[in-house]
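This report refers to the structure that appears directly beneath it.
The values are calculated or read from the model by the stated rules, or taken from the named source; none is laboratory data. Computed from a predicted structure; not experimentally measured. Methodologically, a virtual Cβ is constructed for each residue, glycine included, from the backbone with ideal geometry; neighbour enumeration extends over all protein chains shown. In case anyone asks, the SASA skips ligands and DNA or RNA and just uses the protein heavy atoms, side chains included. Shrake-Rupley method; radii C 1.70, N 1.55, O 1.52, S 1.80 Å.
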Amino acid sequence: MTEKPSQNSASRSDASPSRSGAFDAAVDQRVQRFSESISFDRRLFRQDIAGSIAHARMLSDQGILTAEEADSIERTLGQIRDEIESGQFVFREELEDIHMNIEQALIDRIGDVGRKLHTGRSRNDQVSTDMRLWVRDAIDQLDAALEDLQRAFVGRCDLDRGVILPAYTHLQRAQPVLAAHYWLAYAEKFQRDRDRLADCRKRLNLCPLGTAALAGTSIDIDRENTANRLGFDGLVENSLDSSSDRDYLLETAFCLSTIAIHLSGWAEEWILWSTVEFDFISLPHEFCTGSSIMPQKINPDVLELTRGKSAPVVGSLQTLLLLTKGLPLAYNRDLQEDKRPMFVAVDTVSGCLECAIPLVKGARLKVDSIQRRLEKGFLDATTLMEYLIKRGIPQRKAHHLIGSLVKAATGKGCTLTELPLSDFRALDPGIDESVFDVLGCENAVAAFQSFGSTAPAYVASQVKSWKTRLNHV
Ligand code: ARG
């Protein structure tokens with residue numbers, strides 16, 4: 001049965017589906033504007049429709065709707081989805097949110113059958129179902145992008161095979177490492193991000209649908225049925241908890257924040273590396289911008305924005321934490337404000353990843369420039385100290401002795417390799433020419449042995465295992 005739009009009482013703002021006969025006045029226009037969420041929650045339309053179709057099918061399996069009624073609901077919701085996708089659907093602010101816009105469109109088209117859809121559910125379980133489905137999709141897309149980023153880093157290991165970089169602590173030259181060791185450090189960080197997202201997805205992928213407003217329902221629904229149809233792994237078990245729970249958004253926002261922070265640190269590093277002062281890397285020009293006044297400038301704006309855009313992501317986590325602080329059970333309207341920060345966090349991180357992947361692939365290490373200054377900063381001093389330790393000198397003593405040797409070399413303006421053997425013998429008369437085998441960055445790198453270190457054999461095995469893990473060719 002179809003009702004003409006002219007009979008649609010919901011075009012007046014006092015007739016939203018959520019305003020029952022209990023009201024004796026229409027909603028104030030200011031409240032309507034203040035409380036609407038359709039301007040942003042319309043992004044949930046696919047999830048909302050999927051949830052409604054699953055709910056209608058379950059109601060029909062339970063004999064609460066007839067199969068024909070469920071068919072009609074499913075067909076009409078499919079048309080509504082197509083209209084929204086093609087931009088033809090008119091969203092109405094007076095219908096407040098995505099749930100009521102879609103439900104009212106359904107009622108406008110199929111009348112009383114549409115009015116039965118909301119049986120045994122509430123917008124409180126509906127909105128949480130929609131958000132869980134939306135975030136689940138977002139997590140799956142982010143995971144794929146993070147994997148691509150890892151592939152880009154692992155791909156660099158072959159490109160930069162054998163290159164040695166100075167590694168830093170306190171942004172002061174510390175010890176030499178293979179470039180591949182550097183790239184795999186980022187593969188590890190983004191793996192933890194992926195693992196965190198996967199872990200968060202487990203708790204998120206439980207179905208709240210059917211917990212209704214806060215206490216469940218006296219209608220004979222089958223929650224397993226809807227959960228299975230929507231690809232959930234299980235059910236949220238307490239209806240009060242269900243109606244109020246937004247932990248899955250907090251966790252996701254935290255995961256997104258760590259990704260943003262990792263990207264920001266990497267971006268900062270490459271901004272430094274691309275300066276004349278470092279001169280370690282050249283960035284692909286498709287990912288650089290110019291200056292309107294200084295013709296020589298080739299700026300790393302994408303990296304700067306990646307660093308800057310971590311702010312709104314971490315801000316989203318803060319917003320969600322504060323939003324959910326001090327809310328009594330169960331649903332409170334505050335929770336409507338959970339969507340924008342979540343959308344901002346997901347959109348921002350996705351945008352950063354989209355540019356980071358080609359940047360990591362397209363940048364080139366300036367090997368000659370790196371090589372030219374590699375022996376500056378006594379990167380081999382720690383390995384030399386370990387050489388003394390292996391000769392039986394206690395670590396604290398060896399540390400002190402090498403410190404004075406560094407001081408002497410600094411005074412002479414030379415490297416440790418350039419010191420005469422007699423300077424080493426002054427520390428320990430037993431030292432012979434073999435000391436030079438651990439000096440210089442190449443020798444120092446080759447001397448590493450421990451698991452997790454930059455030892456060339458270990459790094460090579462790590463590169464191999466990452467390639468297998470990422471199905472890298
Ligand atoms: N637009 C609302 C939200 O996003 C839907 C739930 C409304 N529930 C209610 N009891 N008013 O949270």
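In the chain, the longest principal axis of the Cα atoms and the axis of helix 67-85 are about 50 degrees apart. When only the Cβ of Lys, Arg, Asp and Glu is charged (+1, +1, -1, -1), the dipole of the chain relative to its Cα centre reaches about 1440 debye. Taking the charge dipole of the chain about its Cα centre, with +1 at Lys and Arg Cβ atoms and -1 at Asp and Glu Cβ atoms, the residue from Gly114, Pro456, Ser291 reaching farthest to the positive side is Pro456.
Restricting everything to alpha-carbon atoms, can you work out Rg to Rh for the range 310-450 with a Kirkwood hydrodynamic radius?
Here the Rg-to-Rh quotient is 1.35.
For a modelled paramagnetic label at Glu188, 7 Å from Cα along Cα-to-Cβ, the residues of the range 438-473 in reach, with backbone nitrogen under 11 Å, are 451-454.
Give the shape of the range 272-311 as rounded, prolate or oblate, defined through the alpha-carbon gyration tensor: a ≥ b ≥ c are the square roots of its eigenvalues, a/c under 1.5 means rounded, and otherwise the shape is prolate if a/b is larger than b/c and oblate if not. Since a/c reaches 1.5 but b/c is at least a/b, the shape of the range 272-311 is classed as oblate. Computed from backbone phi with θ = phi - 60° and the Karplus coefficients 6.51, -1.76 and 1.60, the 3J(HN,Hα) list for the range 283-298 is 9, x, 5, 5, 10, 10, 10, x, 10, 6, 10, 9, x, 7, 6, 10 Hz; x is used for glycine and proline.
Using the rule -39500 (n - 2.57) for each DSSP H run of four or more residues, divided by the residues of the chain, the 222 nm mean residue ellipticity is -18500 deg cm²/dmol. For Ala167, the amide hydrogen comes within under 5 Å of the amide hydrogens of Ala174, Gln175, Val177, counting only partners 5 or more places away or on other chains and with H modelled in the peptide plane. Taking Ile84, Ile298, Ile64 and ordering them by how much accessible surface each has at a 1.4 Å probe, largest first, produces Ile298, Ile64, Ile84. When Asp97, Asp222, Asp432 are compared by accessible surface with a 1.4 Å probe, the order from highest to lowest is Asp432, Asp222, Asp97. On a 0 to 90° scale, report how tilted helix 339-362 is relative to the longest principal axis of the chain, with both axes built from alpha carbons and the result rounded to the nearest 10. In the chain, helix 339-362 runs at an angle near 40 degrees to the longest axis. Note on the range 154-264: Cα Rg divided by 2.2 N^0.38 Å, N the number of residues, gives 1.70. Projecting the Cα atoms of Ala408, Gln29, Tyr248 onto the charge dipole of the chain, computed from C-beta unit charges around the Cα centre, puts Ala408 farthest toward the positive end. Among the trypsin sites (Lys or Arg not before Pro) in the range 100-166, those placed in a DSSP loop whose Cβ has at most 15 other Cβ atoms within 10 Å are Arg161.
Here is the list for the range 379-473: GluC sites (Glu not before Pro) lying in DSSP coil, each with at most 13 other C-beta atoms within 10 angstrom of its C-beta, are Glu418.
When you work out D = kT/(6 pi eta Rh) for the range 99-194 at 20 °C and 1.002 mPa s, using the Kirkwood radius from C-alpha pairs as Rh and the Stokes-Einstein form, the result is 120 µm²/s.
If you wrap a convex hull around the Cα atoms of the range 190-243, how much volume per residue is inside, in Å³?
75
Less than 11 Å Cβ to Cβ from Pro358, Lys/Arg counted +1 and Asp/Glu -1: what total charge do the surrounding residues give? It would help to have the intermediate numbers written out before the result.
Details: positive: Lys361; negative: Asp148, Glu286, Glu354.
Neighbourhood net charge equals -2.
For the chain, DSSP calls about 80 percent of its internal beta bridges antiparallel. Three semi-axes describe the equivalent ellipsoid of the chain; taken as square roots of 5 times the Cα gyration tensor eigenvalues and ordered largest first, they are 62, 23, 19 Å. For the residue pairs Lys116/Lys325; Lys202/Lys339; Lys366/Lys412; Lys116/Lys339; Lys189/Lys467; Lys390/Lys467, the C-alpha atoms sit more than 25 angstrom apart in Lys116/Lys325; Lys366/Lys412; Lys116/Lys339; Lys390/Lys467. Note on Ser369 and Asp199: the model spin-label points, each 7 Å out from Cα along the C-beta direction, lie 4.0 nm apart. The angle between the Cα long axis of helix 98-110 and the longest principal axis of the Cα atoms of the chain comes to about 40 degrees, rounded to the nearest 10. A 1.4 Å probe run over the range 315-473, with the rest of the protein chains in place, finds 53 Å² accessible per residue. Here's how it looks for Thr417: its modeled amide H is under 5 Å from those of Gly440, which are all 5 or more places away or on a different chain. With every protein chain in place, what's the accessible area of Thr383 (1.4 Å probe, Å², nearest 10)? Roughly 10 Å² of Thr383 is accessible to a 1.4 Å probe. One Cα centroid belongs to the range 214-243, the other to the range 355-387; the line between them spans 55 Å. Ranking Arg196, Arg75 by solvent-accessible area of protein heavy atoms (1.4 Å probe, all protein chains present), from largest to smallest, gives Arg75, Arg196. Rounded if a/c is under 1.5, else prolate if a/b beats b/c, else oblate: with a ≥ b ≥ c from the C-alpha gyration tensor eigenvalues square-rooted, which is the range 13-85? Verdict is oblate for the range 13-85.
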